[in-house]
Amino acid sequence: MEDFRAVGARLSNWGRWGSQDQRGTLNLITPPRVAAGAALIRHGRSFDLSIRLGQDGPQAPGGTRINPIHFMSATGRETAYPGGVRIADDYVLLPLQAGTQWDGLSHIHYDGQLYNGYDAGLITVTGAARNSVDSLAGVAGAAVLLDVARLKGLAALADGYVITPADLSAAERAQEVQVQPGDVVLIRTGQLLRFFSGGAGAYAGDEPGIGLACCRWLHDRDVAALASDNHGIEVLPGEDPEQFLPVHCVLIRDLGMPLGEIWDLEALSADCASDGVWRFFLAAPVLRVTGAVGSPVTPVAFK
């Protein structure tokens with residue numbers, strides 16, 4: 001496999017939207033494109049693409065992240081207010097990328113630089129001073145679902161299956177849809193079914209996902225953001241054991257493309273297959289945590 005640094009250098013968006021840019025390919029979601037995307041809502045059907053946040057989430061024991069911990073700070077039994085009013089309140093402790101989430105543009109870097117040439121030293125224990133996820137406010141616009149698992153006649157692709165540009169183009173043809181500039185692309189692998197049936201242990205580890213060659217496919221179509229139902233966007237184990245997360249490196253650090261992971265595409269896929277409409281409006285705003293490198297998200301698709 002070609003070195004990801006060479007691929008990233010060819011596809012780089014650094015400076016494309018100015019030297020101070022921190023939004024990357026989300027700049028491609030222009031007001032006219034948002035308006036055109038809103039026109040895709042014709043029936044009022046909506047699909048929540050998130051999984052539940054709870055202790056039975058997709059983070060396997062021993063991993064680098066834990067599942068969310070929810071606890072009550074008040075049940076309403078502690079204090080009675082005038083008129084007999086009682087108040088319940090609660091907290092949640094979670095890694096910001098524990099469930100359905102966006103990777104921000106400071107999530108991954110190499111050779112001492114973040115997206116758009118910012119110094120990686122701007123990420124400290126207090127957070128990311130540049131390319132923080134809170135710079136990605138307002139993710140909404142037209143989206144396309146490419147169902148590669150359905151294309152192959154499978155409920156789910158096998159672990160280690162490398163999704164190629166040819167697969168993405170074949171899905172477009174089979175679904176009679178075309179990715180347009182400024183679209184958010186969702187790729188269904190079917191892998192989340194393993195989490196639903198077997199829990200975190202069945203979902204963690206190896207997975208089907210896109211290969212490095214797909215970076216050019218996404219770049220050439222001016223895709224605004226990419227999301228999938230797997231836990232890491234790209235194929236695992238990787239195509240080259242000497243290169244760790246090369247797709248992340250190119251898409252996030254070089255193109256400036258936010259990546260969405262652990263999205264539930266099952267109900268949406270079934271509906272798209274039923275009515276033959278694979279293009280829709282998507283609202284997926286980040287949680288604007290100052291200095292954060294990722295964000296939980298509750299994406300909703302509207303048709």
Descending semi-axes in whole angstrom, ellipsoid equivalent of the range 19-114, from the Cα gyration tensor: 36, 25, 16
Counting DSSP beta bridges with both ends in the chain, the antiparallel % (nearest 5): 65
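Expected output is a single nm value to one decimal: the length gained when fully extending between residue 166 and residue 137, i.e. 0.36 nm times separation in residues minus the C-alpha distance. What is it? Please list the in-between numbers first.
Values: separation 29, 0.36 × 29 = 10.44 nm, distance 3.24 nm.
Stretched fully, the residue 166-residue 137 segment lengthens by 7.2 nm.
Taking only C-alpha pairs under 8 Å that are 6+ residues apart, what is the relative contact order of the chain in percent? Don't skip to the answer; put the middle values down first.
Working: 700 pairs, mean separation 94.6, N = 303.
The normalised contact order for the chain reaches 31 percent.
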Backbone HN-Hα couplings from phi across the range 174-189 [Karplus 6.51/-1.76/1.60, Hz, Gly and Pro as x]: 5, 8, 6, 9, 10, 5, 10, x, x, 6, 8, 9, 10, 10, 9, 9
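I need the calculated FRET efficiency for the pair residue 72 and residue 288, taking r as the beta carbon distance and R₀ as 25 Å, to the nearest 0.05. Kindly include the intermediate steps, with their values, before the conclusion.
Working: r = 25 Å, r/R0 = 1.02.
The formula returns an efficiency of 0.45 here.
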Share of carbon and sulfur in the accessible heavy-atom surface of the chain [1.4 Å probe, %]: 54
Residue 48 paired with residue 30, simple spin-label distance in nm, labels 7 Å along Cα-to-beta-carbon: 3.6
Solvent-accessible heavy-atom area per residue, rounded to whole Å², over the chain at 1.4 Å: 44
Cβ-Cβ FRET estimate between residue 242 and residue 85, R0 fixed at 45 Å, reported to 0.05: 0.10
Label-point gap, in nm, between residue 92 and residue 173 - each point 7 angstrom along Cα→Cβ: 4.3
Listed residue (214, 179, 280) projecting farthest to the positive dipole end of the range 172-303, Cβ model: 280
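Take peptides 267-278, 174-185 and line them up by average Cβ neighbours within 10 Å, highest first, as a rough protection proxy.
Working: 267-278: 16.3, 174-185: 18.8.
Per-residue mean Cβ counts within 10 Å order the peptides as 174-185, 267-278.
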Separation of alpha-carbon centers, the range 213-260 and the range 147-173, rounded to whole Å: 16
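The values are calculated or read from the model by the stated rules, or taken from the named source; none is laboratory data. In this text, all values refer to a predicted model and were calculated from it rather than measured experimentally. Virtual Cβ from ideal backbone geometry, glycine too; neighbours counted across all protein chains shown. Areas reflect the complete protein model, heavy atoms only, side chains present, ligands, DNA and RNA absent. Shrake-Rupley method; radii C 1.70, N 1.55, O 1.52, S 1.80 Å.
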